[in-house]
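Every number here is computed from the coordinates shown, using simple stated rules; none is lab data. The structure displayed is predicted, hence computed values, not measured ones. Here the Cβ is made from the backbone with ideal geometry for all residues, glycine too, and neighbour counts use every protein chain on show.
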Amino acid sequence: MIKRFLSLEWKQFTRASYFQKGLAIKILMFFAVLYFGGMAIFMGGAMFFILKKIMPEADPIETVNNFMIYWVLANLAIRFFMQQLPVMNIKPLMIIPIKRNIVIHYLLGKTVISFFNFISLFIFLPFTVVLLVKGYPPVYVLFWFLSIMCINMALNFINFLINKNNTVFYAIASTLVVLIGLEYYDIFKISEPIGLVFNTLYTNPYLVVIPLLLMAGLYKINFNYVRKGFYLDDAVSKKAEKVNTTDLTWMNRFGSIAPFLKNDVKLISRNARPKQVVMMSFFFLFYGLFFFTSDVYYEMPSILAFASMFITGGFLMTFGQLVPSWDSEYYKLFMSQNISYKKYLESKWYLMVVAVAISFVLSTPYIYFGWEIFGMIAAGALFNIGLNTFITLLGGALNRVPIELNTKAKAFSNTNGFNLTQMLIGLPKFLLPMILFYVPYKLISFNAGLIVLALSGVLGIVFKNFFLNKIERIYQKGKYKTIAAFAEKK
Amino acid sequence: MISVKNLSKSYKGIRVLNIENLEIPKGQSFGLVGNNGAGKTTFFSLILDLIQPTTGQIKNKEILVNESEEWKTFTSSFIDESFLIGYLTAEEYFYFIGELRGQTKADVDTLISQFEDFFHGEILGQNKYLRDLSKGNQKKAGIVATFIGNPEVIILDEPFANLDPTTQIRLKQIIKELTQNKDVTVLISSHDLQHITEVCERIVVLEKGDVIKDISTSDATLKELEDYFTGSVLS
């Protein structure tokens, strides 16, 4: 039976639309997987030596154990945002004489072969090998490795529970926030007891039963959960969500583009995929922390220009670059309704402008790093509003990948906007602000750089109609191709 | 109202639609029948400028559909579920279409209140997104949305499919009333010969992209169509 399932799975994989895309994308994806996999293996292999070098007096395995909590957290966070729930088309299997339990075991077992599980394996396997080579006691090391892998799988199953159940998510998230806060302010360091736990696991190999039981227990919980919902009107059918109606009539002041704006707000608030993307764009706000806290970058102001653009440009980069795919599910409606392309594009433009403005307001704490930095963020925001919005919309004209609104993106199966033209169109988004800043900065002064960057944005706003008309024409030209591509079954 | 000249559509050299000449006068209720792959949806998509004709042209009220967008102001259509916005409730969807067509909320309310009977209490006030409605109920919402904003041309692709018997009967009445005053041109396609002969004054039969029959509906039409499709089974 399992063999049949596997053959079904294989067909689903090889016949999926993303696999039948161009050869170039396949190669790129292959390299991406290879890159991440290779990086993980390399990191795992080198970790021992790096730790030895940084902290010669500490035992690398202890250091690793002490930092394990961060691996657990990061692992869980990445899984929550990226990993998809196990789905198998069980509807057709329900009436066929197969034992339910087999299907469920298979469904859960399938999740073991997930990219997210392999990343941890790729990191810890080489590390373990290095430990063995270095003469650490094999029994200790191997059982430690086994424990880690069990925890990894336990996280795998925890993630499904979190994903299914909002209360579990909020409970875990708030615990995490509290723990991180306590850790940060040195009140209570959770990483110490956790480090102790992992060290104990290492020194007492028989304790491997604890992670093992943890994994088995979570598996059982998941199993019961799926088993309970194995009916047409439960887990298999998508649940009808509760409707959240918010009064958006205040947006009518935006005139003729108001209907679209209202629609976009609903689009974002009611669909899984846009929600995920907007959440991601929020993290861009913290990008500056990497750059402004490091002295290295102060000698390279053009990098700072790039960073400042990033801080307010999160929404542009994540949501904006997938215009018009967001409307792909009902694109035919838009194309045959009483809508002008320009109005549609203009509404998307306003949406991005509002997002940049909000990010700018939220970025005010950066004043802490000095007015120069903040001035740079302001200039970057103007550039985003005036020029980057148009570059993004222009890139969208070449974007013909349909999006399933209410499904989360999968890692590595999501090739939306992942093509060469998209990447080329994306380049000016990064390079332009750097050049606009760097040239006057080199020739005249820092402030001149700021002014030029800001002015370029103002220029874009002044010539808004001109740009929109040009972009509209490009969209018009690609109309039939876009409609056909969006109508394709995913 | 709609005039078609030398229209053809080919995919990779295979011709899927070929209509030399077709005039649909204003106010006509026009029916399109044909087996799967006959070109019905292709024809409707061409009228809506969703695909590009290989040759020929379509004029909607003297406007070339692939050159100007003006026809959109008086044409409305429901071809398939991709004409619905899944994350809106039915009411929100109606208001959205209303806003696009320059109707106030009150206008839309008045219009849809006439269709309460048709909705059978399953569309309005449900607090459900359109994507969570059943196929039949989605269709009801999509069909009624095409009546918003006083369109002069209404295009419905297989409106009877997926509807329950009661709703089918009501839809027939609605279409008859629409075309009574000869103001609104209605184009529908269907696989149900009885329904279409009942509501359409003219029926065109397509087969593999060609117009095979062009009938002005009479009492004999249903028999004629049935004979034709029986024949195509036998031959």
### Query
Taking the simple approach of a point 7 Å from Cα along Cα-to-Cβ for both residue B:106 and residue A:132, what is their distance in nm?
8.1
### Query
Tell me, how many Å apart are the Cα centres for segment B:186-209 and for segment A:324-377?
46
### Query
Hey, rough spin-label estimate for residue A:286 and residue A:3, points 7 angstrom out along Cα→Cβ, what's it come to in nanometres?
5.0
### Message
Using a Förster radius of 22 Å, what is the FRET efficiency between residue A:170 and residue A:78 based on their Cβ-Cβ separation? Nearest 0.05, please.
### Response
0.70
### Query
Once amide H atoms are placed 1.01 Å from N in the peptide plane, what residues at a sequence separation of 5 or more from residue B:213, or on another chain, have their amide H within under 5 Å of its amide H?
B:205
### Task
With everything on Cα atoms, drop me the angle between helix B:90-100 and the longest principal axis of chain B, reported from 0 to 90° to the nearest 10.
70
### Query
Once label points are set 7 Å from the Cα along Cα→Cβ at both residue A:444 and residue A:300, what is their separation, rounded to one decimal in nm?
2.6
### Query
Given 0.36 nm per residue, what is the gain on full extension from residue B:120 to residue B:5 after removing their alpha carbon distance, in nm?
37.2 nm
### Query
What residue among B:110, A:344, A:320 has its Cα farthest toward the positive end of the dipole of the protein assembly as shown, where the charges are +1 on Lys, Arg and -1 on Asp, Glu, each on the Cβ?
A:320
### Task
Order by neighbour count: A:327, A:295, fewest other Cβ atoms within 10 Å first, most last.
A:295, A:327
### Anisotropy class of segment B:77-235 from Cα gyration tensor, a/c 1.5 cut
prolate
### Query
When DSSP beta bridges are limited to those with both residues in the protein assembly as shown, what percentage is antiparallel, rounded to the nearest 5?
55
### Message
Please return the longest range in chain B lying between exposed loop sites, taking GluC sites (Glu not before Pro), DSSP loop only, at most 14 other beta-carbon atoms within 10 Å, and leaving the sites out.
### Response
B:68-235
### log₁₀ of I(q)/I(0) at q = 0.22 Å⁻¹ - segment B:82-151, Debye sum with one point per alpha carbon
-0.90
### Message
Helix A:420-443 against the longest principal axis of chain A: what's the angle in degrees, Cα atoms only, rounded to the nearest 10?
### Response
70
#### Entry: Ranked list, fewest to most other Cβ atoms within 10 Å of each Cβ, for B:189, A:120, A:256
A:256, A:120, B:189
### Task
Could you pull out which residues in segment B:38-57 have an amide N less than 14 Å from a spot 7 Å beyond the Cα of residue B:80, following the Cα-Cβ vector?
B:38-46, B:50-51
### Query
Residue separation times 0.36 nm, minus the C-alpha to C-alpha distance between residue A:487 and residue A:204: what's the value?
96.0 nm
### Summary
One would report the Cα pair-distance distribution of chain A, bin width 20 Å, in %, as 18, 48, 30, 3
### Message
Test of understanding: what is the full-extension gain from residue B:55 to residue B:223, defined as 0.36 nm times their sequence separation minus their Cα-Cα distance?
### Response
57.0 nm
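Can you compute the charge dipole magnitude of chain A about its Cα centre, using +1 on each Lys and Arg Cβ and -1 on each Asp and Glu Cβ, nothing else charged? Give it in debye, rounded to the nearest 20.
Once rounded to the nearest 20, the dipole reads 2400 debye.
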### Summary
With DSSP loop assignment and no more than 13 other C-beta atoms within 10 Å, the trypsin sites (Lys or Arg not before Pro) in segment A:99-137 are A:99, A:134
### Query
What order do you get for B:49, A:59 when you list them from fewest to most C-beta neighbours inside 10 Å?
A:59, B:49
## Note on the structure
The FRET efficiency for residue B:12 and residue A:253, from their Cβ-Cβ distance with R0 = 51 Å and rounded to 0.05, is 0.55
### Message
Using alpha carbons only, how many angstrom separate the centre of segment A:421-490 from the centre of segment A:142-211?
### Response
45
### Query
Along the Cα-to-Cβ line of residue B:213, 7 Å from the Cα, sits a label point; which residues in segment B:160-203 have backbone N less than 15 Å from it?
B:190-203
### Task
Using only atoms on other chains, find how many Cβ atoms lie within 10 Å of each Cβ of peptide B:84-91 and report the average.
5
## Note on the structure
In degrees, nearest 10, the alpha-carbon axis of helix A:258-270 is tilted away from the dominant principal axis of the alpha carbons of chain A by 10
### Dipole of the protein assembly as shown, positive end: most advanced residue of B:136, B:8, A:143 [Cβ charges, Cα centre]
A:143
### Query
If amide H atoms are built 1.01 Å from N in the plane of the peptide, which residues on other chains or at least 5 residues away come under 5 Å of the amide H of residue B:16?
B:9, B:10, B:11
